[in-house]
Amino acid sequence: MYANDSDTTPISLPDLALRKHSGTRIACVTAYEASIAARADEAGVDLVLVGDSLGMVVQGHASTLAVTMDAMVYHCRCVARGLRRAFLVADLPFMAYRDVPTAFTNATRLVAEAGAAMVKLEGADWVCEVIAALSSREIPVCAHLGLTPQSINRLGAYRVQGRDEAAAQRLREDARRVQAAGAQLLVLECVPARLAAEISGELTIPVIGIGAGPQCDGQILVMHDLLGITPGKRPRFSKDFLADSGSIPAAIAAYVQAVRAGSFPGPEHSY
């Protein structure tokens with residue numbers, strides 16, 4: 001169940017692309033500090049995201065909007081120290097990529113100061129210009145569509161996106177646009193499973209789902225959801241892997257195994 005501790009060859013973007021084309025599901029988690037990052041690495045996680053979700057699960061805010069660049073750099077540096085092989089991605093927080101010059105400055109901090117191999121940002125439309133500018137200058141980009149938490153003030157609530165055909169078509173088009181702009185990964189959050197499967201099948205880049213059904217190329221969970229320690233009501237798409245595992249390392253390894261086998265997410269975790 002656990003990864004071979006002697007296999008410390010770092011995972012690269014080409015490795016993740018190869019997993020898509022070989023049908024090997026990509027196991028991803030969030031982490032915010034070195035010890036948990038190290039346990040995820042040892043358990044065989046392919047990709048670790050330092051998410052701006054830290055604003056909610058670490059800092060106790062009601063949304064991700066209060067997270068600062070300094071906080072992202074700090075937590076990313078901590079996580080980087082815990083990793084030997086997993087691919088490290090870090091979120092650009094709210095308004096940290098509002099225009100191309102700002103995005104350059106902040107993405108460079110995450111890569112050069114904090115050790116990220118890729119940055120993640122939310123949306124399409126004007127965001128495609130930022131994706132193109134960063135990716136053309138050797139800063140890899142992960143796009144994020146569907147439920148975009150930084151848009152909570154516009155959305156009004158954390159709801160499933162793409163339920164009706166017009167919204168589904170916009171998501172399909174946005175997915176094509178972010179890929180064409182240069183994104184090399186895509187996260188789909190809270191999207192109907194059938195739509196996510198269509199998008200994953202159409203795109204050539206890996207698609208990572210969270211609340212997007214089992215047919216994405218990979219899955220990601222917030223570590224606090226995976227361990228069952230998120231305060232309040234947990235999302236439908238989450239599962240407490242610690243409940244039946246007995247330890248944090250075993251829980252993370254069980255999650256990795258379930259993603260690889262295709263047993264997580266199940267119908268009860270999908271829309």
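Tabulated data
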| read-out | value |
| --- | --- |
| Residue list for region 152-181, restricted to those being of a type in the set (G, A, S), surrounded by fewer than 20 Cβ atoms within 10 Å (Cβ to Cβ) and either at pLDDT below 95 or under 30 Å from S12 (Cβ atoms) (or both) | G156, A157, A180 |
| Qualifying residue in region 163-178 (condition: touching a helix residue (DSSP H, G or I) at 6+ places or on another chain (Cβ under 9 Å) and in a loop (DSSP other than H, G, I, E, B)) | yes |
| R137 being modelled with pLDDT of 95 or more, among the basic types (K, R) and surrounded by fewer than 18 Cβ atoms within 10 Å (Cβ to Cβ) | yes |
| Leading residue by the ranking (surrounded by the fewest Cβ atoms within 10 Å (Cβ to Cβ)) among those in region 232-254 that are aliphatic (A, V, I, L, M) and not in a helix (DSSP H, G or I) | A243 |
| Tally of residues being in contact (Cβ under 8 Å) with a residue 40 or more places away in the chain and either in a helix (DSSP H, G or I) or in contact with a helix residue (DSSP H, G or I) (Cβ under 6 Å, 6 or more places away or on another chain) (or both) across region 262-271 | 3 |
| Only listed residue being modelled with pLDDT of 95 or more, small (G, A, S) and in contact with a strand residue (DSSP E or B) (Cβ under 6 Å, 6 or more places away or on another chain), chosen from A40, A96, A114 | A40 |
| Count - residues of region 215-261 that are farther than 21 Å from V48 by Cβ and under 18 Å from the mean Cα position of the chain (by Cα) | 2 |
| Any hit, region 132-155, residues being closer than 25 Å to A17 by Cα, in contact (Cβ under 8 Å) with a residue 40 or more places away in the chain, of a type in the set (A, V, I, L, M) and part of a helix (DSSP H, G or I) | yes |
| Selected residue (criterion: surrounded by the most Cβ atoms within 10 Å (Cβ to Cβ)) from residues of region 259-269 that are out of contact with any Gly (no Cβ under 9 Å at 6 or more places or on another chain) and farther than 15 Å from G211 by Cβ | G262 |
| Among residues of region 24-65, those that are under 19 Å from N153 (Cβ atoms) and basic (K, R), counted | 0 |
| Enumeration of residues in region 43-61 that are in a loop (DSSP other than H, G, I, E, B) and surrounded by 24 or more Cβ atoms within 10 Å (Cβ to Cβ) | V45, D46, G51, D52 |
| Residue check, A90 crowded, with 24+ Cβ neighbours inside 10 Å, more than 14 Å from G182 (Cβ to Cβ), modelled with pLDDT of 95 or more and not polar (S, T, N, Q) | yes |
| Residue check for L121: under 23 Å from C78 (Cβ atoms), under 17 Å from the mean Cα position of the chain (by Cα) and in a helix (DSSP H, G or I) | no |
| Set C190, C216: member being at positive phi and either among the hydroxyl-bearing types (S, T, Y) or buried (at least 21 other Cβ atoms within 10 Å of the Cβ) (or both) | C190 |
| Pairs, first assigned to a loop (DSSP other than H, G, I, E, B) in region 185-198, second modelled with pLDDT under 95 and of a type in the set (F, W, Y), C-beta under 8 Å, six or more apart | C190/Y158; C190/F237; C190/Y271; V191/Y271; P192/Y271 |
| Per-region count, region 118-134, residues within 18 Å of P206 (Cα to Cα), surrounded by 20 or more Cβ atoms within 10 Å (Cβ to Cβ) and not acidic (D, E) | 6 |
| Residue in region 96-103 that is surrounded by 23 or more Cβ atoms within 10 Å (Cβ to Cβ), free of Cβ contacts under 8 Å to residues at least 60 places away in the same chain, among the aromatic types (F, W, Y) and over 30 Å from T9 (Cβ atoms) present | yes |
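The values are calculated or read from the model by the stated rules, or taken from the named source; none is laboratory data. From a predicted model like this one, the values you see are computed outputs, not experimental measurements. No Cβ is skipped: glycine too gets one built from the backbone with ideal geometry, and neighbour counts run over all protein chains shown.
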